[in-house]
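Student: Encoded as structure tokens, here's the structure I'll be asking about.
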Amino acid sequence: MACPIGPEEIKKLKMFIGFCSQKPEIINMPQLSFFKEFIEKMGGKVPEGDANFGAEAPPQPQPQPTAKPETPPPAEEESEPESDVEIDREGCVDPDKDEPQEMGDSGKEPTDEEVDKAGECRSQAAAAYSEQKYEEAIDLYTQAILLNPGNALFYAKRGQAFLKLVKPNACIRDCDRALQLNCDSAAAYKFRGRANRLLGNWEEAARDLRQACKIDYDEEADEWLREVTPNAKKLEQHRIKQERRRAEKELRARQERVRKAQEANRRAAEENRNRNDDMGGDGYPGGGFNFADSDIFSAFKDPEVAAALQDIMSNPANIIKYQNNPKIVALLEKLGAAQGGAGGMPGFMGGGFPGGFPGAGAGGAGGAAPPSAGESAKPPPKTDINDDGLD
């Protein structure tokens, strides 16, 4: 019996097998999964790995436009708040480092007797202060605080005495407690503002003194405010300038990150496009057999079709057994059309089928055209039972 596959198809099949022998990793491609299953079912083993055609047909390097190296903008050095601002620090003092003074029990509820006695201590402290006996005044205010720790004015007045002893930190602690007890204490804002001025905290001093004048205008507080305002404005303007520079720097950095991300995406898309151009439309160099066709791919999932194709590949002569199977005939016609239109998979059978294959259509190699409408279909000749198939 003559081989149902023509010499040209056998030659191409040999070329494909030779190609697979030199580069067996190609069988791992998804498009050839049916071929891999057939080999493994027959006891063969396919080496692991992805097909790499780099050595076979190295892609020609595409000339890329040389981008001019971007000169990064000079880094702006972050300066300290007062590093480039001229500040007049005349009258500033070194901070005091004494132990914190007694603040009393904030949860204590004084009796009427204790309230009266605390008032007496406060009067004695005011007298000592007027006589410039500041240490004595501080001790008497402390006694008043211990008797009645909920009176905000006691803390503010003791803070004033600490100012006279040039202890701004102690004054600030007393004024902080006074403002915790009474947030509208003008005296506490006034003396804390003066203490901040002695420490060189110009913006804090201006803020406190401005608030003191707002609550209860005082000529001395206003004079102190006018004293600190020039330095406070310089620092405020410098701080705003620094914040604007920092915001602009962050904006440039964010824009640069976005630009780099877009450039990376563009390069990745271009590389992927070039790789697809080198590999062809279906993953083979220069194009080839389109296993990704949805109908063909679905047909391969049919166990009957897969078994038939494996049977045909194991023995091409077995193609005759499926001449009356419409599913196999339809699939083979599609395979033949795809091979004939795409130029064939590298080294595999080209378009068409063995001559005389019933139902394969006129596209087969040497295939006969279907009978015209006027011709009656002749029944196939009966097989001679004595025919040994060796003619």
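Student: Regarding Val115, is this residue touching a residue at least 60 places away in the same chain (Cβ under 8 Å) and of a type in the set (Val, Ile, Thr)?
Tutor: Answer is no for this residue.
Student: Is it true that Leu165 is closer than 30 Å to Lys97 by Cβ and crowded, with 18+ Cβ neighbours inside 10 Å?
Tutor: Answer is no for this residue.
Student: Those residues that are surrounded by 15 or more Cβ atoms within 10 Å (Cβ to Cβ) and either touching a strand residue (DSSP E or B) at 6+ places or on another chain (Cβ under 6 Å) or among the acidic types (Asp, Glu) (or both), I need them from the stretch 110-150; list them, please.
Tutor: Matches in the stretch 110-150: Glu114, Glu136, Asp139.
Student: Quick one: Ser298 ticks every box in (1) at pLDDT 90 or above; (2) assigned to a helix (DSSP H, G or I); (3) hydroxyl-bearing (Ser, Thr, Tyr) bar one, so which box is it?
Tutor: The single condition Ser298 does not satisfy is (1).
Student: Does Leu153 qualify as being part of a helix (DSSP H, G or I), in contact with a Lys or Arg (Cβ under 7 Å, 6 or more places away or on another chain), surrounded by fewer than 24 Cβ atoms within 10 Å (Cβ to Cβ) and not charged (D, E, K, R)?
Tutor: No, not satisfied.
Student: I'd like the full set of residues that are within 24 Å of Pro168 (Cβ to Cβ), more than 60 Å from the chain's Cα centre (by Cα) and not in a helix (DSSP H, G or I), limited to the stretch 89-137.
Tutor: Those that are within 24 Å of Pro168 (Cβ to Cβ), more than 60 Å from the chain's Cα centre (by Cα) and not in a helix (DSSP H, G or I): Glu131, Gln132, Lys133.
Listed here are the residues, each with its yes/no results for (1) closer than 23 Å to Leu199 by Cβ; (2) touching a residue at least 40 places away in the same chain (Cβ under 8 Å); (3) polar (S, T, N, Q).
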{"site": "Pro95", "(1), (2), (3)": "yes, yes, no"}
{"site": "Gln124", "(1), (2), (3)": "no, no, yes"}
{"site": "Leu140", "(1), (2), (3)": "no, no, no"}
{"site": "Gln143", "(1), (2), (3)": "no, no, yes"}
{"site": "Leu146", "(1), (2), (3)": "no, yes, no"}
{"site": "Asn151", "(1), (2), (3)": "no, no, yes"}
{"site": "Gln160", "(1), (2), (3)": "yes, no, yes"}
{"site": "Lys167", "(1), (2), (3)": "yes, yes, no"}
{"site": "Ala186", "(1), (2), (3)": "yes, no, no"}
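The values are calculated or read from the model by the stated rules, or taken from the named source; none is laboratory data. The structure displayed is predicted, hence computed values, not measured ones. Neighbour counts run over all protein chains shown; Cβ positions are idealised from the backbone, glycine included.
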